[in-house]
Amino acid sequence: MARLMEYSFKEASIEEHVAKLIERISRLEPEIHAYITVLEEQALQKAKRLDDALNKGVAKGKLTGMTVAVKDNICTKGVRTTCGSRMLLNFNPPYDATVINQLEAQGAIIIGKTNMDEFAMGNSTETSYFGPTRNPFDPSRVPGGSSGGSGGAVAAEMADLALGSDTGGSVRCPASFCGVVGLKPTYGAVSRYGLISYANSLEQIGPMARTVEMCKLLFEAIAGHDPLDGTSIPEELRRPTELGSRTERRSKFKVLVPAQILGEGTDERVEKAVLNALSEMEMVEFEVRSGDLPSLSAALPAYYVIAMSEASSNLARYDGVRYGHQSPWKHDWDETYSATRAEGFGVEVKRRIILGTYTLSAGYYHKYYVKAQKVRTLLITEFKEAFKRFDLIAGPTMPILPFRIGEKVKDPLEMYMCDVDTVPANLTGFPAITIPCGFIEGLPVGLQLIAPPLGEELLFQAARLFEEELSLRVPRINR
Amino acid sequence: MDVKIGLEIHCQLTNLRTKLFCNCSSDYRGDEPNTHICPICMGLPGTLPLLNEKALEDGVAVALALNSEIQPKMTFYRKNYFYPDMPKNFQISQFDGGDGVPIAKGGFVDLDVGRRIKIRRIQIEEDPAKLVYSGTIDTAEEVLIDYNRAGIALVEIVTEPDIRTPREARLFLQKLRDILEFLGVSDGSLEGSMRCDANISLGGGTRVEIKNISSFKEVERALRFEITRQKRLSAEGLTVQRETRHWDESRRITVSLRVKETEEDYRYFPEPDIMPVVVSEQYVDAVRGALPELPHRKKDRYVEDLNVPVQNAAILSRNLRLSQLFERCVGLGADPVEASNWIVGDLLSYLRELDLSLEDPKVRAEHLVEMLRLIEDGLISGKIAKEVLLESLKTGKSPKRIVEERGLMKIGDEELLERLVEEVFRENRRAVLDARLNEEAVNYLIGQVMKKTAGKADPVLTSKLVRLKLSQIEVG
């Protein structure tokens, strides 16, 4: 709360707050490029209306006056929503995503639409049609992805809060690389209505903020049952279930660190920073044990099979017939579609569509898709078993430090490996949070905590303890 | 040669009011193109489908009526292929394979000719949009897309290859349409509400699929053509190719659309936006309990409660509109037996003669009942009634008005009839003599009186007067 008061409400009015923010955006944006669209006028108008309401004493939203940067795959009525793609360069959704309605209802101000990997495919925000976002801690490096714009905007204080979407770690990766807090909620906790689908069964909209408290505030604003989303958890089931019943803090948090997420592929410095943070916490209220979750090693391939399969189907609708980019007519449908898609999609998107089409094809469906679903089931079972003995599962959020722009784009497999620690939460649908746990050469390191379904409260409680105990010295981002 | 025909029928759930996954109105016929659409049925980025629960109820009702086994947990799948009539370039459907479970499996329909056609499966899916060619499919310069139809709920009914003749295929389709109408889930009289693809193989040979058949009559024709075509190929020693053919209604031939090699791979996989639907026994029982009266129950009730002759009851209960007409007559106070005789007999033959459907506004229960009352009150004879009914069906005028306008009222004036009888007796001396011994001659005399009045003479009174007169004649 301290941070929140310090920055957000030290100004005399909301309008002043927004005006200062816009000024900061115009100063930092040329270097960071966190936004695809900045809604200056709209935000200032909203700020004025909120000031009026405050003066009349009728404003009551939990987020009144707070600016929120929204990832550009979340539909905003009348404001272009591009998914970072040429395909949707001029797509103006005729409706708002449910989360946008929720933010409006809570008095938040949408400050802009943030940059992202094209169709949320990537973890560096380099695949955006609009060019890459840069890491505020080191502009030669990536901010993580795919919600890199949201991560960058929050870290550089170009927004109070941000929304990202997390399909395989797309909120947690940029949160980790940008040194902020990011949550991937329980699947079904937040409405997906209005989130442009990449891989429906895996993704959730998630909050990003500079403090745990602000992250929690944003999460509470967007959580809730949505009748427009058939996968949204009904209100009566949101009470903690058997697994989630440990949302009450115990005397000590029992934390499992699976052996499978350390070692090979993980930067030693990152591993050390995470383990140091955990052992520091043992002094306080944590009991940390190492153990095994054998199926974790199969999570990454399973994730990519499912994500690409769903993506190949979801992205089929971009044929230029009804909206979006359209190539001139080429004598028949197939060729016109092909030209439209060849021009509209970038390399990474095409790669995933082709791979997904392949894994769903007759003869390969059982070999890949069905097998991936089995891994998923196995993983859920293992996690549930683990949560009978532990409150949380912990480890690094990203196995490596933010890499340099261009460093990994040539090698997709190496890029995919970055998701190794984040995808299990998406496959199982369990909630996961990332918090900064240290800095190496001025670059942030993120620590991930995973909880049982609907255990978000538990995550916030534990994360808040980290925040208090570690009292990190955050390098200044003041350009 | 052994003929095997299997049918795949798509029926729109026309009584749902809304589409399968959104709240757009499904009552689009006759409206401007693309006026019944929303972001959801247009598959705009970010939108999610939301299952219409009434569609589930209708699907269960259909499955129950077709004796099909309802699956306790059904799933929706995506069927992926690129085509301009599909907003998302995949169709949300069901799949009987992999882990896919359609709403129901198995079942049968008994035809009136004593044949049982087995059902393989029943599934729920969304209808694609409608492509409107300016001209024919081959020559059109451009094609327009009307998305009003996109997302309308369909039930797909797939039969086993149990059908043996084109005629049987048509009987099956008629029967199926009747059942759906009884259920009140689909109005088969609406254009395009029922569409059919047919599979056919001869002598256990290669299977050919015929697509795009618009009516039951055309299904019969297409199958006839296909049998002839395949027989001719065999006779010439040529093999029948496994392919999909299009029924060209205007030329009355099938033409090849695509052969096996290019048949699509639909890349079915579970629809991630719709959770598997649990269909509990209680739910099924509730739907069963709310089912409307189906043909066999109707027939029994007509026979047992209304004393309708079995033959009539069977015909009246077969078709929803016919049974509705009959029940309305009874409801208006008509004698069930009389009403059933008139409907099954004269009415149906007149409708055929006039090429009128039961839906025609000129076919009214009120008129039928009025006519029956005129007979009962002795105001017209049965013979005149036939004329009145035909006239009423032709013009839509009420029987009473027809009788009045054309002066068809029975002649019950005793003095007038006595005079006529005397006249007839004078003119038919030979018959009068015969009549004392021969009943046929009596009828002849009565007939002569009727003839003089153009059928209007009260037959009962006339008969009485003729017999009285005969008894008065002294035998010399």
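For residue B:438 and residue B:311, the FRET efficiency from 1/(1 + (r/R0)^6), where r spans their Cβ atoms and R0 equals 30 Å, is about 0.30. Within the accessible area of the protein assembly as shown, the carbon and sulfur atoms contribute 50%, probe 1.4 Å, all protein chains present.
log10 I(q)/I(0), Debye, Cα-only the range B:286-378, no solvent, q = 0.15, 0.17 Å⁻¹? Log-scaled intensity ratios, in q order: -0.57, -0.72.
For residue B:452, the aspartates and glutamates whose Cα falls under 17 Å of its own Cα, not counting residues fewer than eight places away in the same chain, are B:413, B:414, B:415, B:418, B:422, B:423, B:427.
With the convex hull built on the Cα atoms of the range A:402-479, state its orientation-averaged projected area in nm².
Values: hull surface 27.8 nm².
The number I arrive at for the range A:402-479 is 7.0 nm².
Of the residues A:383, A:422, A:406, the one whose Cα sits farthest towards the positive end of the charge dipole of the range A:372-436 is A:383 (charges of +1 on Lys and Arg Cβ, -1 on Asp and Glu Cβ, taken about the Cα centre). With a Förster radius of 45 Å applied to the beta-carbon distance between residue B:232 and residue A:90, the computed FRET efficiency rounds to 0.20.
Helices assigned as whole DSSP H runs in chain A whose Cα atoms extend at least 18 Å along their own long axis and whose mean Kyte-Doolittle hydropathy is 0.5 or higher are found at A:296-314. Rolling a 1.4 angstrom probe over the protein heavy atoms with all chains in place gives the protein assembly as shown an accessible area of 42 Å² per residue. In this assembly, the A-B interface accounts for approximately 3000 Å² of buried accessible surface in total, computed with a 1.4 Å probe and without ligands, DNA or RNA.
Dipole orientation for chain B: of the candidates B:45, B:342, B:446, B:446 has the Cα lying most toward the positive pole (charges on Cβ; Lys, Arg +1; Asp, Glu -1). List the lysines whose alpha-carbon lies under 19 Å from that of residue A:408, not counting same-chain residues fewer than 8 positions away? Filter leaves A:350.
For residue A:411, what is the net charge nearby, where nearby means another residue's Cβ is under 13 Å from its Cβ and Lys, Arg count +1, Asp, Glu -1?
On the way: positive: A:351, A:408, A:410; negative: A:126, A:348, A:407, A:414.
Around residue A:411, the surrounding residues sum to -1.
Fully extending the segment from residue A:354 to residue A:276 would add 23.9 nm, taking 0.36 nm per residue of separation and subtracting the current Cα-Cα distance.
Quick one: check the C-alpha center-to-center distance for the range B:384-448 versus the range B:284-343, whole angstrom. The distance from the Cα centre of the range B:384-448 to that of the range B:284-343 comes to 35 Å.
Computing FRET efficiency as 1/(1 + (r/R0)^6) for residue B:241 and residue B:191, where r is the C-beta to C-beta distance and R0 is 35 Å, gives about 0.60. To the nearest 10 square angstrom, how much accessible area does residue A:325 have with a 1.4 angstrom probe? Looks like 30 Å² after rounding. Of the listed residues B:364, A:351, the order by accessible area with a 1.4 Å probe, largest first, is B:364, A:351. Full extension of the chain between residue B:27 and residue B:136 gives 36.6 nm of extra length, using 0.36 nm per residue less the Cα-Cα distance.
Between residue B:460 and residue B:2, what length in nm is gained on full extension when 0.36 nm per residue of separation is reduced by their alpha carbon distance?
Contour length minus Cα-Cα distance gives 158.9 nm.
Computed from phi, the 3J(HN,Hα) profile of the range B:118-130 under the Karplus parametrisation 6.51, -1.76, 1.60 (θ = phi - 60°) reads 7, 9, 8, 7, 10, 9, 9, 7, 9, 7, x, 6, 10 Hz, with x in place of Gly and Pro.
Specify, per residue and in Å³, the volume enclosed by the convex hull of the alpha carbon atoms belonging to the protein assembly as shown. Walk me through the intermediate numbers first.
On the way: hull volume 214.5 nm³, N = 955.
In the protein assembly as shown, the Cα hull volume divided by residue count equals 225 Å³.
The aspartates and glutamates within cross-link reach of residue A:374, meaning a Cα-to-Cα straight distance under 15 Å and a gap of 8 or more places when in the same chain, are A:382, B:99.
Tell me, what is the percent relative contact order of the range B:385-476, built from C-alpha pairs under 8 Å that lie six or more residues apart? It comes to 27 percent, rounded to a whole number. Protection proxy ranking of A:191-199, A:374-382, by the mean of other Cβ atoms within 10 Å over each peptide's residues and highest first, is A:191-199, A:374-382. The average projected area of chain A, computed from the convex hull of its Cα atoms over all directions, is 21.9 nm². Pairs of lysines in the range B:1-149 whose Cα atoms sit within less than 30 Å of one another amount to 27, provided the residues are eight or more positions apart or on different chains. Charging the Cβ of each Asp and Glu at -1 and of each Lys and Arg at +1, and nothing else, the dipole of the range A:83-240 about its Cα centre rounds to 280 debye. Measuring against 30 Å, Cα to Cα, the residue pairs A:71/A:410; A:77/A:384; A:367/A:388 contain A:77/A:384; A:367/A:388 as the ones spanning a longer distance.
In the range A:100-220, Cα pairs under 8 Å separated by at least six residues give a relative contact order of 21 percent. Its DSSP H runs of at least 4 residues, each contributing -39,500 (n - 2.57), put the calculated 222 nm mean residue ellipticity of the protein assembly as shown at -12000 deg cm²/dmol, to the nearest 500. For chain B, what relative contact order do you get, as a whole percent, if you take Cα pairs closer than 8 Å and at least 6 residues apart? It comes to 13 percent, rounded to a whole number.
The mean number of partner chain beta-carbon atoms within 10 angstrom of a residue's beta-carbon across peptide A:308-315 is 4.
The values are calculated or read from the model by the stated rules, or taken from the named source; none is laboratory data. Predicted, not measured: the structure shown is a model, and the values here were computed from it. Positions of Cβ are backbone-derived with ideal geometry, glycine not excepted, and every protein chain shown enters the neighbour counts. Heavy atoms of the whole protein, side chains included, go into the accessibility calculation; ligands, DNA and RNA do not. Shrake-Rupley method; radii C 1.70, N 1.55, O 1.52, S 1.80 Å.
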